[in-house]
Amino acid sequence: MPLPSPARLSPNLAGDFWGGLAAMLVALPSAIAFGVTIYSPLGASYAAHGALAGILGATALGLIAPALGGTQRLITAPCAPAAAVLSAFAIEFMRQGAALEATLLMLVIVGLLAGALQVIFGTVGLGRLIKYMPYPVVSGYLSGVGLIIIASQAPKFLGVPKEIHFWQSLVAADAWRWQGIVVGAITIAVMVGAPYVTKRVPAAILGLAAGVLTYFGLGLFDPALLTIEGNRLIVGPMGGGGGGGFSEAFLGRFDAMTDIGLDQLQMLLVPALTLAVLLSIDTLKTCVVLDALTRSRHDSNRELIGQGLGNIASAVVGGIPGAGTMGATLVNISSGAASRVSGVMEGVLALIAFLVLGSLIAWVPVAALAGILIVIGVRMIDRHSLQLLKSRHTMLDFFVILSVVTVALTVGLIPASGVGIVLAIVLFIREQIGGSIVRRKAYGNQSFSKQIRLQEEMEILEQRGDQAAIFELQGGLFFGTTDQLYTVLEPELKTRKYIVLDMRRVQTIDVTAAHMLDQIRDMMAEKGGFLVFSQLPQNLPSGLDMQHYFDQIGLAPSKSAARIFSELDAAQEWIENRILKEAALEHAEEKPLELHELGLFKGRKEETLTALDTHLEKRIYKAGDKIFARGDAGDELFLIRRGSVRIMLPLGDRQARHISTFGRGDFFGEMAFLDGAARSADAVAFTDVDLFVLSRKTFDAFAEEHKKAALKLLEGLASVLAGRLRYANAELQALEA
């Protein structure tokens, strides 16, 4: 039945058809090459079985993975990591003297186990974790796989017998077949140069076609090349290797499964786990790139389940495992694909191509397939990682990549990933240790609370405020930064009475850091001092509530030498009040101040104060009462006789920011008193408050009779406001230091 004309299809379906066709043309030659790579260690006659396994893998993966995975436009096909792991496994298993049938069976079981593990990964939610593999680890393992592919294909490129491996093949020049070298070299040249000529036809197809034509061209001068039996330069007939056909050999493997014991399954678990992890990383890496290109978002766990089921299906039908592949996926997108139907199309078209062209596979030159894989291997090597050598800050990252590559080539890919992750963790800890845990440091005579103080109080705080050292911390408090923090705090522990730790930028804390803080609290207690914490994060990235954590470990219980405040300003205000109390400026029993005791009116004549007193209104507010609100009209100046008042800026949703606090002997509301504009913030009684209230209208009436006294009052207001501004400027300079 002929395929429907793409012109009659809907626009999306037509795009999916052409995308699937282009992706198949890219994926199929590579799949054949990967299959040959895996099966050729079993014998020259099994190269054809490998080619067929590659095609069946492309078909099964194309049909199952897109249908169940769900990532739009993703193409799943046999890939380099699968070839690297399974060919190494086959070689090692044969070296141990295993029977040919047992090795074939083990390859199937490894594929089944890898697919099952991927399904488990997706089911338990590991998809989100695998895609966060550190870049140096991913770069190292991809480069390692690329080098393994190149090393495995070099003997095939040179045409040496299968028992001669990489290093031996390089020195065994007498075993080289120049015909294979010519075919492989032309394949590589065409594959590399094709994109510069045309991008309509995939480079792998052009390279393979050039290799086949070169081979038959050489056959015109050497008739031996045109014979199929015993010719190790071509894939060979499907029926080789054991006398039966592929289907009989494959079904025989499943009959032998009943002989597999638990010990053998345990031996297969490591290569299966290696394969599952690498295929998962390869797929999710491609999905991340695909998301960026198409502005979409894939479901990592669902995709892993679909990939796993696809690999299980591939193993069941005799194909090789695979993953979401970058090259075929990009070709699929550029050819107009719009959905995952394109992936299914790729699988269907791969099967049709096999049915139509299957008889020609026997004549595909092995060197041409080796040339394709060598190009793929070279492209997998992350040459950009050499840029990391240019900076001393990134040289250790390059060392991680180099370590992963070295372990991959000498030990294996899973140990290489493990080594890379461990080294990446070490680098992360080193980075955390290398950064400063202290973001800013100040003393109590440089940085003040929002409590507006009288001039004499500020003078005392300037003299004695350095009893407090304030540290704004950042990053993580853990075993790697504990010693750094103690080293910074140690000099201050000897001379300061208050150590303030602003924790707002702290990201994490562990038991080691908590134990060190507990020791500092005890040291401060011995000298009558305090360890003060401010703004403990309620929700760290780990989900930990730091204050609850402190309560659990007993770091800041009540009546101890530790204190916890919700804001840094509250901590500073508490310390300042203690310093002032020690200086005997605050009294346990506060009496309302009289007019002559207020700073604005000290030194005024008694008759002037008596006249002004008749123009003042006395008011009392309970703690929590609102004196005025933002937006209120008003022209009143408020003078505090007793208690304290907070100025709050409403932020909406019943939230407000604390601007400043005014205490006994101070004044507020002066802006509206001077310019008559609406109130810019709320004024709230923080404690019970006694006030003198002077309206502008009343003041103007007073000024008519006492011009000099009124002028002195305005000068006093200006002087206090200038002093507040100077202290604000000094604090800003301290923060910038």
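The values are calculated or read from the model by the stated rules, or taken from the named source; none is laboratory data. These numbers come from a predicted model, not from an experiment. Cβ: placed from backbone, ideal geometry, glycine included. Neighbour counts: every protein chain shown.
Among the residues of segment 488-504, how many are within 35 Å of the chain's Cα centre (by Cα) and at pLDDT below 90?
Result for segment 488-504: 0.
In segment 665-720, what count of residues is obtained for those that are under 28 Å from Pro650 (Cβ atoms) and touching a residue at least 24 places away in the same chain (Cβ under 8 Å)?
32
Scan segment 528-540 residue by residue and report those that are assigned to a loop (DSSP other than H, G, I, E, B) and not small (Gly, Ala, Ser).
Listed by number, the residues that qualify are Gln535, Leu536, Pro537, Gln538, Asn539, Leu540.
Can you spot a residue in segment 549-566 that is outside any strand (DSSP E or B), within 27 Å of Arg657 (Cα to Cα), modelled with pLDDT of 85 or more and assigned by TED's automatic domain parsing to the domain that holds Ser449?
Within segment 549-566, one or more residues are outside any strand (DSSP E or B), within 27 Å of Arg657 (Cα to Cα), modelled with pLDDT of 85 or more and assigned by TED's automatic domain parsing to the domain that holds Ser449.
Given (1) more than 39 Å from the chain's Cα centre (by Cα); (2) modelled with pLDDT of 85 or more, where does Phe448 come up short, assuming only one miss?
All conditions are met except number (1).
Answer with yes or no whether Pro136 is more than 37 Å from the chain's Cα centre (by Cα), part of a helix (DSSP H, G or I) and surrounded by 22 or more Cβ atoms within 10 Å (Cβ to Cβ).
When the stated conditions are applied, Pro136 does not pass them.
From Asp635, Asp675, grab the single residue that is exposed (fewer than 13 other Cβ atoms within 10 Å of the Cβ) and closer than 19 Å to Leu600 by Cβ.
Asp675
If I filter segment 688-706 for residues that are touching a Gly at 6+ places or on another chain (Cβ under 8 Å), crowded, with 18+ Cβ neighbours inside 10 Å and more than 29 Å from Glu606 (Cα to Cα), do I get at least one hit?
Among the residues of segment 688-706, not one is touching a Gly at 6+ places or on another chain (Cβ under 8 Å), crowded, with 18+ Cβ neighbours inside 10 Å and more than 29 Å from Glu606 (Cα to Cα), which makes the answer no.
Let me spell it out: the conditions are (1) of a type in the set (Val, Ile, Thr); (2) surrounded by 15 or more Cβ atoms within 10 Å (Cβ to Cβ); (3) under 26 Å from Lys285 (Cα atoms); (4) modelled with pLDDT of 75 or more, and Val124 meets all of them except one. Which number is the exception?
(2)
Which residues, counting only those in segment 157-184, are part of a helix (DSSP H, G or I) and either hydroxyl-bearing (Ser, Thr, Tyr) or closer than 19 Å to Val235 by Cβ (or both)?
Phe157, Leu158, Ser169, Gln179, Gly180, Ile181, Val182, Val183, Gly184
Residues that are touching a Pro at 6+ places or on another chain (Cβ under 9 Å) and surrounded by 14 or more Cβ atoms within 10 Å (Cβ to Cβ): which strands (runs of 3 or more DSSP E) entirely in segment 411-527 hold 2 or more of them?
498-509
When you go through (1) free of Cβ contacts under 8 Å to residues at least 40 places away in the same chain; (2) of a type in the set (S, T, N, Q); (3) touching a helix residue (DSSP H, G or I) at 6+ places or on another chain (Cβ under 8 Å) one by one for Gln96, which number turns out not to apply?
The failed condition is (3).
What number of residues within segment 245-287 satisfy the criterion of being at pLDDT below 60 and basic (Lys, Arg)?
Going through segment 245-287 one residue at a time, the tally reaches 1.
Go through Arg392, Arg439 for me and flag whichever is farther than 16 Å from Leu147 by Cβ and touching a strand residue (DSSP E or B) at 6+ places or on another chain (Cβ under 6 Å).
One residue alone meets the criteria, Arg439.
For Gly97, all conditions in the list (1) surrounded by fewer than 24 Cβ atoms within 10 Å (Cβ to Cβ); (2) not in a loop (DSSP other than H, G, I, E, B) hold save one; what is the number of the exception?
So Gly97 meets the others, but not (2).
Does segment 459-466 include one or more residues that are under 42 Å from the mean Cα position of the chain (by Cα), polar (S, T, N, Q) and modelled with pLDDT under 90?
No, segment 459-466 contains no residue that is under 42 Å from the mean Cα position of the chain (by Cα), polar (S, T, N, Q) and modelled with pLDDT under 90.
Does Phe121 satisfy the criteria of being in contact (Cβ under 8 Å) with a residue 40 or more places away in the chain, assigned by TED's automatic domain parsing to the domain that holds Leu233 and over 28 Å from Leu330 (Cα atoms)?
It is false that Phe121 is in contact (Cβ under 8 Å) with a residue 40 or more places away in the chain, assigned by TED's automatic domain parsing to the domain that holds Leu233 and over 28 Å from Leu330 (Cα atoms).
Just name the residue that is surrounded by the most Cβ atoms within 10 Å (Cβ to Cβ) out of those in segment 38-75 that are within 29 Å of the chain's Cα centre (by Cα) and on the phi > 0 side of the Ramachandran plot.
Per the stated criteria, the residue is Arg73.
Quickly run through segment 194-230 and pick out the residues that are outside any helix (DSSP H, G or I) and either within 20 Å of Ala48 (Cβ to Cβ) or free of Cβ contacts under 8 Å to residues at least 40 places away in the same chain (or both).
Residues satisfying the conditions are Thr198, Lys199, Arg200, Leu220, Phe221, Thr227, Ile228, Glu229, Gly230.
Using the structure shown, decide if Ala350 is in contact (Cβ under 8 Å) with a residue 12 or more places away in the chain, in contact with a Phe, Trp or Tyr (Cβ under 6 Å, 6 or more places away or on another chain) and not acidic (Asp, Glu).
No: the conditions fail for Ala350.
For segment 1-32, give me each residue that is more than 35 Å from the chain's Cα centre (by Cα), at pLDDT 75 or above and hydrophobic (A, V, I, L, M, F, W, C).
Result: Leu13, Ala14, Phe17, Trp18, Leu21, Ile32.
How about segment 360-374: which of its residues are surrounded by fewer than 20 Cβ atoms within 10 Å (Cβ to Cβ) and of a type in the set (A, V, I, L, M)?
Leu360, Ala362
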